[in-house]
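Here the structure is laid out as structure tokens; the discussion comes afterwards.
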Amino acid sequence: MQLLTTTSHWLARLGQLVAGIALLALMSVTMADVLTRLLFRLSAGSINWSVSGSVELVSYLMMFALLAAMAANIEKSQVVVEAFSHRLPDAFKQRLGGIYLIGFCVLGVLMTLGLWQEAASAARRGQVTQDLRIPMGPIYQFGAVLCALLAARSLIHVLLGSLFATQGGGANEQ
């Protein structure tokens, strides 16, 4: 059980790191784009240092940030309103919460498989992004890795909640 908790903790830290880097990069691209557009407007069009592909960069960085944050916070993402379960024992509530996370585990596996297949297909076709001409295969592969992180953390918390009935294994209660 301690190994599962420690593994989950470090995978959560990894997800937080990836989400943080993606959000910082997203904000940097957005700020640079806004500032260069302002500079263009203030100079009456004589200075044109626009950020090429900013919308494209922001969309992929947002995907990475969301997938990583979802994986990092899977055990905190469910709020249970105790309308029907307030009299149930805490251990039973944790087991139910752990069983509930099976759906997120399945979702993570399906998204991983789908993105990995799409990455292989994009690599075969030589598919690139529209503006910056970045190969799509690695983008899909990184998304698949983040979805696998979601599946792994969900599975760990399914086990912690349903088998060991530990706090944080299932859903959080409010």
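Can you work out the accessible area per residue across segment 30-155, with the rest of the protein chains kept in place, probe 1.4 Å, in square angstrom?
Numbers: 7600 Å² over 126 residues.
Per residue, segment 30-155 has 60 Å² of solvent-accessible surface.
Dipole of the chain computed with +1 at Lys/Arg Cβ and -1 at Asp/Glu Cβ about the Cα centre; of 150, 58, 137, farthest Cα towards the positive end is 137.
The simple spin-label model puts a point 7 Å past each Cα toward its Cβ; for residue 86 and residue 133 those points are separated by 6.4 nm.
Residue ranges 25-37, 59-71, 88-100 sort as 59-71, 88-100, 25-37 when ordered by packing (mean number of other C-beta atoms within 10 Å per residue, highest first). Note on segment 1-95: with charges restricted to the Cβ of Lys and Arg (+1) and Asp and Glu (-1), its dipole about the Cα centre is near 140 debye. Its Cα centre serving as origin, the chain has a Cβ charge dipole (Lys and Arg +1, Asp and Glu -1) of approximately 140 debye. Helix content alone sets the calculated 222 nm mean residue ellipticity of the chain: runs of n ≥ 4 DSSP H residues at -39500 (n - 2.57) each, divided across all residues, give -24000 deg cm²/dmol. Membrane-span-like helices in the chain, defined here as complete DSSP H runs extending at least 24 Å along the helix axis by their C-alpha atoms with mean Kyte-Doolittle hydropathy no lower than 1.6, are 54-72; this is a sequence and geometry rule, not a statement about a membrane. With all protein chains in place and a 1.4 Å probe, the accessible surface of the chain carries 70 percent carbon and sulfur.
The values are calculated or read from the model by the stated rules, or taken from the named source; none is laboratory data. Worth saying up front: this structure is predicted, and the values here are computed from it rather than measured. All Cβ positions, glycine included, derive from the backbone under ideal geometry; neighbour counts span all protein chains shown. We work out accessible area using only protein heavy atoms, side chains counted, and drop any ligands, DNA or RNA first. Shrake-Rupley method; radii C 1.70, N 1.55, O 1.52, S 1.80 Å.
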